[in-house]
């Protein structure tokens, strides 16, 4: 199979546009709400999910013909948990502050329904190359949404935009003092759970309107 033929492009692009795991399938909502307070957290979480999703898809695709059907869930969890442990150890070794900020949410990638769902629905039914592209596509679709949500939550909730910078964050942009002098105030609601639901709901609505999805009555 050619790596970038029309079928391969569709496998990657569909989860980003017409079948996004968060905004269209409504999966992985918990982590999408939990790690979107700052942009740097969302970026690192996105990279972690992309790594785990693409790697687990490839591994499970390679061994799919040797997995007994009745224990496939246990094997999937074992593969995914091992990869999550690798991510967690790398974060603790090289980005310790970020590791503490994400804490339990990295571990919860094990039970992320996007990762489990793609393993069950795609990786166990296709070859490694397609499984890898599916993991990349769904990881990018997941990452795109949580980074957009975190951008608006951090900008209007905290007045900053923070990017990853080693173990700490780097403030790329902050709302000018002149805005505050003129009476602007950060929207504190956006750094709380209700604010996350509001922003995520608006992002889901916008994407569904953009691609023309009509909800059934």
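Out of segment 137-154, which residues are surrounded by 19 or more Cβ atoms within 10 Å (Cβ to Cβ) and either in contact with a strand residue (DSSP E or B) (Cβ under 8 Å, 6 or more places away or on another chain) or without any contact (Cβ under 8 Å) to a residue 40 or more places away in the chain (or both)?
Passing the criteria: only 154.
Can you tell me which residues in segment 12-39 are farther than 18 Å from residue 195 by Cβ and either touching a strand residue (DSSP E or B) at 6+ places or on another chain (Cβ under 8 Å) or assigned to a helix (DSSP H, G or I) (or both)? Write out each step before concluding.
The initial filter retains those residues of segment 12-39 that are farther than 18 Å from residue 195 by Cβ, namely 12-21, 24-28.
Once the filter is applied, which keeps residues that are farther than 18 Å from residue 195 by Cβ and either touching a strand residue (DSSP E or B) at 6+ places or on another chain (Cβ under 8 Å) or assigned to a helix (DSSP H, G or I) (or both), segment 12-39 yields 12, 13.
Could you please let me know if residue 6 is in contact with a helix residue (DSSP H, G or I) (Cβ under 7 Å, 6 or more places away or on another chain) and either at pLDDT below 90 or exposed (fewer than 13 other Cβ atoms within 10 Å of the Cβ) (or both)?
Values: in contact with a helix residue (DSSP H, G or I) (Cβ under 7 Å, 6 or more places away or on another chain): no; either at pLDDT below 90 or exposed (fewer than 13 other Cβ atoms within 10 Å of the Cβ) (or both): yes.
For residue 6, the condition - in contact with a helix residue (DSSP H, G or I) (Cβ under 7 Å, 6 or more places away or on another chain) and either at pLDDT below 90 or exposed (fewer than 13 other Cβ atoms within 10 Å of the Cβ) (or both) - is not met.
Is it the case that residue 203 is under 30 Å from residue 89 (Cα atoms), within 19 Å of the chain's Cα centre (by Cα) and assigned to a helix (DSSP H, G or I)? Steps first, please.
Values: under 30 Å from residue 89 (Cα atoms): no; within 19 Å of the chain's Cα centre (by Cα): yes; assigned to a helix (DSSP H, G or I): yes.
No: the conditions fail for residue 203.
Test of understanding: among 53, 60, which residue is assigned to a helix (DSSP H, G or I), over 15 Å from the mean Cα position of the chain (by Cα) and at pLDDT 95 or above? Can you show your working first?
Details: 53 fails: over 15 Å from the mean Cα position of the chain (by Cα).
60 is the lone residue from the list that is assigned to a helix (DSSP H, G or I), over 15 Å from the mean Cα position of the chain (by Cα) and at pLDDT 95 or above.
Return yes or no: is residue 82 surrounded by 23 or more Cβ atoms within 10 Å (Cβ to Cβ), part of a helix (DSSP H, G or I), out of contact with any strand residue (DSSP E or B) (no Cβ under 8 Å at 6 or more places or on another chain) and at pLDDT 95 or above? Write out each step before concluding.
On the way: surrounded by 23 or more Cβ atoms within 10 Å (Cβ to Cβ): no; part of a helix (DSSP H, G or I): yes; out of contact with any strand residue (DSSP E or B) (no Cβ under 8 Å at 6 or more places or on another chain): yes; at pLDDT 95 or above: yes.
Against the criterion (surrounded by 23 or more Cβ atoms within 10 Å (Cβ to Cβ), part of a helix (DSSP H, G or I), out of contact with any strand residue (DSSP E or B) (no Cβ under 8 Å at 6 or more places or on another chain) and at pLDDT 95 or above), residue 82 does not qualify.
Mind checking whether some residue in segment 29-38 is buried (at least 16 other Cβ atoms within 10 Å of the Cβ) and either without any contact (Cβ under 8 Å) to a residue 24 or more places away in the chain or farther than 25 Å from residue 81 by Cβ (or both)?
yes
Would you confirm whether any residue within segment 118-136 is in contact (Cβ under 8 Å) with a residue 12 or more places away in the chain, in contact with a strand residue (DSSP E or B) (Cβ under 8 Å, 6 or more places away or on another chain), over 20 Å from residue 33 (Cα atoms) and surrounded by fewer than 13 Cβ atoms within 10 Å (Cβ to Cβ)? Write out each step before concluding.
If we filter segment 118-136 for residues that are in contact (Cβ under 8 Å) with a residue 12 or more places away in the chain, which is where we start, we get 118-120, 122-136.
Subset that is in contact with a strand residue (DSSP E or B) (Cβ under 8 Å, 6 or more places away or on another chain): none.
No.
When only residues in segment 177-198 that are in contact with a helix residue (DSSP H, G or I) (Cβ under 8 Å, 6 or more places away or on another chain), in a helix (DSSP H, G or I) and without any contact (Cβ under 8 Å) to a residue 60 or more places away in the chain count, which is surrounded by the fewest Cβ atoms within 10 Å (Cβ to Cβ)?
Once the filter is applied, the top-ranked residue is 188.
Kindly list the number of the only condition in (1) more than 18 Å from residue 45 (Cβ to Cβ); (2) touching a residue at least 40 places away in the same chain (Cβ under 8 Å) that fails for residue 166.
Here residue 166 clears every test but (1).
Scan segment 87-97 for residues that are loosely packed, with under 13 Cβ neighbours inside 10 Å and either at pLDDT 95 or above or over 21 Å from residue 170 (Cβ atoms) (or both) and jot them down.
Residue satisfying the conditions is 89 alone.
Checking residue 174 against (1) modelled with pLDDT of 90 or more; (2) closer than 30 Å to residue 61 by Cβ; (3) surrounded by fewer than 19 Cβ atoms within 10 Å (Cβ to Cβ): exactly one of these is not met. Which one?
(2)
The values are calculated or read from the model by the stated rules, or taken from the named source; none is laboratory data. None of the values given here were measured: they were computed from a predicted structure. Positions of Cβ are generated from backbone atoms using ideal geometry, with glycine treated the same way; all protein chains shown enter the neighbour counts.
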